[in-house]
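**Student:** Next up is a structure, given as structure tokens.
The values are calculated or read from the model by the stated rules, or taken from the named source; none is laboratory data. Source: prediction; values computed, not measured. Positions of Cβ are backbone-derived with ideal geometry, glycine not excepted, and every protein chain shown enters the neighbour counts. Note: areas computed on protein heavy atoms with side chains; ligands, DNA, RNA excluded. Shrake-Rupley method; radii C 1.70, N 1.55, O 1.52, S 1.80 Å.
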Amino acid sequence: MSYVLGQINAAHREINSYPVSSGEGRSLLIRRTYDACIEDVWDACTRPSRIGRWLAPVRGDFRVGGAFEVEGNASGRVLRCERPRLLKVTWDYGLDAATEVEVRLSPAPGGSTVFELRHASPSELVDELVRTEGLAGAVRNGAGWDLVLLGLDVFLHDDDLDRAAWRDTPQVREFTIHSYRAWGDASRAAWGVSADDMATVVESAVRHVTCALEGGDR
């Protein structure tokens, strides 16, 4: 099995109902195991100097209740922080309502760590996005998080990761295409869409992202 397919198959993906602070919601969930101890994974996810190497530069007040900003991505507030197992924040990236991101860590055999990320949004926000963007929006969101968590895996094995250069590699482009298809499967299960209809959505999204990765949208 190739490295890329191994990384795709390393993650469990699902979309389901999940409450947010304001009420009913829906979420995407990614679960995978990292070959690193729980303290190291926690530190990589909470220390600003390390987060910037695999996600993006982060600044702000990282205490519970504090506000932060992820450069070029999102802003939010820290809701819960229970070292080294739970981090929950609001995640606002310009939509009408804040979403929530929750990371849970648990130790696994051999000194590894099970990592679970859940990105939950209010139901009305999800419904509006589906009306305006179709299911392609769910596929793109999931694939975006997939790439972030692949970056974390690479960083945990290489502290000298050059995130910008790494993201422009053929392996990352191949991973992104496979990730779109994997999230298509998760979306089809969640929304009850036929296999043919979902395949059409995913292949259209894949063509778009392939064009973007090759420089067609620059």
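**Student:** With each label point set 7 Å from Cα along the Cα-Cβ vector, what nm distance links N9 and C211?
**Tutor:** 3.3
**Student:** Out of A98, S179, S21, whose Cα points farthest toward the positive end of the dipole of the chain (charges: +1 Lys, Arg; -1 Asp, Glu; placed on Cβ)?
**Tutor:** S21
**Student:** In addition: If I model a spin label as a point 7 Å beyond the Cα along the Cα-Cβ vector, how far apart are those points for W166 and S204 in nm?
**Tutor:** 3.3
**Student:** Right, another one. Under the rule of -39500 (n - 2.57) per DSSP H run of 4 or more residues, summed and divided by the residues of the chain, what mean residue ellipticity at 222 nm is obtained, to the nearest 500 deg cm²/dmol? Could the numbers behind the result be given before it?
**Tutor:** Details: 8 runs with 102 residues, N = 218.
The helix contribution divided over the chain gives -15000 deg cm²/dmol.
**Student:** Measuring from label point to label point, each 7 Å out along Cα→Cβ, what is the E124 to A67 span in nm?
**Tutor:** That separation, rounded to one decimal, is 2.3 nm.
**Student:** Just the number please: accessible area per residue for the range 1-46, 1.4 Å probe, all protein chains included, in Å². Present the calculation step by step, with values, prior to reporting the outcome.
**Tutor:** Working: 2180 Å² over 46 residues.
Using a 1.4 Å probe on heavy atoms only, each residue of the range 1-46 averages 47 Å².
**Student:** Now, a different point. Considering only H119, H178, H157, give the residue with the highest GNM mean-square fluctuation for the chain, with springs between Cα atoms whenever their separation is below 10 Å.
**Tutor:** H157
**Student:** In debye to the nearest 20, how big a dipole does the range 1-123 give about its Cα centre with +1 on each Lys and Arg Cβ and -1 on each Asp and Glu Cβ?
**Tutor:** On the way: 16 positive and 15 negative charges, 39 e Å.
Using only the charged Cβ atoms, the result is roughly 180 debye.
**Student:** Filter the chain for me: DSSP H helices, axial length by Cα at least 30 angstrom, mean Kyte-Doolittle hydropathy not below 0.0. List them by residue number. Kindly include the intermediate steps, with their values, before the conclusion.
**Tutor:** Details: long enough: 136-157 (32 Å, 0.87); 170-191 (32 Å, -0.72).
Within the chain the helices that satisfy the rule are 136-157.
**Student:** Quick one: length gained pulling A108 to C81 fully straight, 0.36 nm per residue minus the C-alpha distance? Present the calculation step by step, with values, prior to reporting the outcome.
**Tutor:** Numbers: separation 27, 0.36 × 27 = 9.72 nm, distance 2.06 nm.
Taking 0.36 nm per residue and subtracting the Cα distance, the gain is 7.7 nm.
**Student:** Dipole of the range 86-148, Cα-centred, from +1 at each Lys and Arg C-beta and -1 at each Asp and Glu C-beta, to the nearest 20 debye? It would help to have the intermediate numbers written out before the result.
**Tutor:** On the way: 5 positive and 10 negative charges, 60 e Å.
Approximately 300 debye in magnitude.
**Student:** Still on this structure, I have one more. State the percentage of accessible surface on the chain attributable to carbon and sulfur atoms; use a 1.4 Å probe and exclude ligands, DNA and RNA. Each step should come with its number before you reach the end.
**Tutor:** Working: 5400 of 10870 Å².
Of all accessible area on the chain, carbon and sulfur atoms account for 50 percent.
**Student:** When ligands, DNA and RNA are left out and all protein chains stay put, how many square angstrom of accessible area per residue does the range 78-214 have with a 1.4 Å probe? All intermediate terms of the calculation are to be shown ahead of the outcome.
**Tutor:** On the way: 6550 Å² over 137 residues.
Result: 48 Å² of accessible area for each residue.
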